[in-house]
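To start, the structure under review is shown below, and the notes come after it.
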């Protein structure tokens, strides 16, 4: 039932993302339907279908958009410092409504693998890209060794923040700052491993 | 309706844990009831209530017991090597039925905070204790610096393994081994941070 030839309306697009975000933050994924989003945004269901193939895709995009809007991110003087700030920025978002949406998608995804794929592609990959760029910059500027395991550092960073979120543990600034301390500074006292 | 004065039967205790584990692995937490566990273990519901206050507590203990039984753990020559082996051991368990049970508890816990508390106390804390003992040994033997952040290393270790589990990513040996490489060896090239 593709509707072609009509210009994309930025205003309804934004209204749909906002309505989706509000509904998700209120009720989570369980009561999240295109019908309710359409009613709240004042558009027809077919308008939503034109832009999003599934409710998971809409949920992921609304959470990602909120993440980039809801907390002010101020760049610092170096890539490493920016990496630290970016972790605090993600943690701050997870403490609010974005965190509830992400926890809901991860929970739902244990019954429904498609939700996980959509979360990974629509939300996590773009968010990972921000950390990757900073760590590569740090390597290029000699702040990190060239053999630093960038991908594992990114895995561990999101893993640690989501772990706190899912276990309902505090995501306070002092805890979040211990994460880059551990993964960037290292601690083996120069003794060769067995 | 406490039943007192009857001796604890090790055989029914074991049968209940095994039945709980089998049911969880088959259907997850959603269809998990004391009634079904009782029927499968050939005991009465009141027998289960004598030992476990809630289905979450029973689920957590059955997963923990399975984790210590299902994979052979062979200690290595040093605490650091044992830490590496312990991570592989947990990862191997997560690839099987124990992983499905844990993913189910974390998912259920997003609607029901008590499940998270029970998971944290009944499963995660004992599992964390194993890693803590090894890292403290490594510090005592001079393999790790005395200011190594043991608690954050443990947070990050379980977080990373659960992240792979929940995102349905592979928990293969080479990936798991990059985790201690990152958190133990460090990589800052000696440049002071901003």
Problem set entry | For residue A:114, label point 7 Å along C-beta direction: distances to other copies, nm | 3.4
For this session: Can you grab the distance from the C-alpha centre of the stretch B:34-111 to the C-alpha centre of the stretch A:81-153, Å, no decimals?
Result: 29
Exercise. Tell me, in nm to one decimal, what length is gained between residue B:26 and residue B:145 on full extension, where the rule is 0.36 nm per residue of separation less the Cα-Cα distance?
Worked result: 38.4 nm
Exercise. Can you list, shortest first and in nm, the gaps between the label point of residue B:75 and those of its counterparts in the other copies, using a point 7 Å from Cα in the C-beta direction?
Worked result: 5.3
Seminar exercise, completed: the stretch A:10-61: relative contact order from alpha carbon pairs under 8 Å, six or more residues apart, as a whole percent, is 42
Seminar exercise, completed: Rounded to the nearest 10, the angle in degrees between the Cα long axis of helix B:97-108 and the longest principal axis of the Cα atoms of chain B comes to 80
Seminar exercise, completed: Here the correct list, in nm and shortest first, of distances from residue B:137 to the same site in the other copies, label points 7 Å along Cα→Cβ, is 4.3
Problem set entry | Angle in degrees between helix A:173-185 and the longest Cα principal axis of chain A, rounded to the nearest 10 | 60
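Given the DSSP H assignment, sum -39500 (n - 2.57) over each helix run of at least 4 residues in chain A and divide by its residue total; what's the result at 222 nm in deg cm²/dmol, nearest 500?
On the way: 10 runs with 130 residues, N = 194.
After summing the helix terms and dividing by residue count, I get -21000 deg cm²/dmol.
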For this session: Kindly identify chain B as rounded, prolate or oblate by the Cα gyration tensor criterion: order the square roots of the eigenvalues as a ≥ b ≥ c, call it rounded if a/c is under 1.5, otherwise compare a/b with b/c, prolate if a/b is larger, else oblate.
Result: prolate
For this session: Tell me the label-point distance for the pair residue B:14, residue B:132, using the 7 Å Cα-to-Cβ offset, in nm and rounded to one decimal.
Result: 3.0
Seminar exercise, completed: Exposure proxy check on A:119, B:158: fewest-to-most Cβ neighbours within 10 Å is B:158, A:119
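When a/c reaches 1.5 or more, the comparison of a/b and b/c decides; with that in mind, is the protein assembly as shown rounded, prolate or oblate per its Cα gyration tensor?
In terms of gyration-tensor shape, oblate.
Read-outs throughout are calculated quantities, based only on the coordinates presented, and are distinct from any laboratory measurement. As the structure is a computational prediction, the values presented were derived from the model and not from experiment. Using ideal geometry, Cβ is built from the backbone for each residue, glycine included, and neighbour counts are taken over all protein chains shown.
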